[in-house]
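Notes to accompany the following structure.
We did not get these values from a lab; they are worked out from the coordinates using the rules stated. Quantities reported herein were computed from a predicted structural model and do not represent experimental measurements. Please note: Cβ atoms are built from the backbone with ideal geometry, for glycine as well, and neighbour counts cover all protein chains shown.
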Amino acid sequence: MKVVYMSLTGQTRRFVAKLEMDSLEIHPDNAFQEIFEPFIIIVPTYDIEVTEIMNDFIETGNNHSFLRGVAGSGNLNFDNLFCYTAKDLAKEYQVPLIHCFEFQGTDEDVKFIKEKVSALG
Ligand SMILES: Cc1cc2nc3c(=O)[nH]c(=O)nc-3n(C[C@H](O)[C@H](O)[C@H](O)COP(=O)(O)O)c2cc1C
């Protein structure tokens, strides 16, 4: 399983590094690339204008067919807007919302996602 992610201020990038999994960081200049293996997405939470490069990636080629789930990094101070980018993507592309965590995540968040990912196969 590959982890495809984006990160503006480095929190999600730090979380992904702790997973020690094969990963791919999406930038505006590499969003339209095809992938041919199962992947999950991990996204920070920002306005759609900022995160729509993940939609671009998912909708490129047959990428959507390899998407297995979505997790999100956010900030609980945003209350009911906590982690909405990951929630919206999971709903839009009809895949499981794996987990929501704050900032770069805790050791428990890392363990939880690793367990979920191995359950996904
Ligand atoms: C301008 C701005 C808007 C944000 N809006 C939200 C939000 O609506 N909900 C949320 O859960 N987190 C929100 N966050 C928090 C970030 O998603 C969070 O800090 C995340 O860990 C950043 O990840 P990154 O460093 O990988 O970009 C916002 C942060 C900024 C700077």
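Tabulated data
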item: Translational diffusion coefficient (Stokes-Einstein; Kirkwood radius from C-alpha pairs) of the stretch 15-121 at 25 °C, 0.890 mPa s, in µm²/s; result: 174
item: Hz values of 3J(HN,Hα) by residue in the stretch 107-117 - Karplus curve (6.51, -1.76, 1.60), Gly and Pro given as x; result: 4, 5, 4, 4, 4, 4, 5, 4, 5, 4, 5
item: The stretch 1-30 versus the stretch 93-117: alpha-carbon centroid distance in Å; result: 13
item: Ellipticity estimate at 222 nm from DSSP helix runs (n ≥ 4, -39,500 (n - 2.57)) divided over the chain, nearest 500; result: -11500 deg cm²/dmol
item: Distance in nm between pseudo-label sites at Asp29 and Lys2 (7 Å out along the Cβ direction from Cα); result: 2.0
item: Phi-based couplings in Hz for the stretch 42-53 (Karplus 6.51, -1.76, 1.60; Gly and Pro marked x); result: 10, 10, x, 10, 8, 4, 4, 4, 7, 9, 5, 5
item: Virtual spin-label span in nm between Glu37 and Leu76, 7 Å along Cα→Cβ; result: 3.5
item: Debye, to nearest 20: dipole size of the chain, +1 on Lys, Arg Cβ, -1 on Asp, Glu Cβ; result: 400
item: Across Lys87/Lys116; Lys91/Lys111; Lys2/Lys114; Lys91/Lys114, pairs whose alpha-carbon gap is larger than 19 Å; result: Lys91/Lys111; Lys91/Lys114
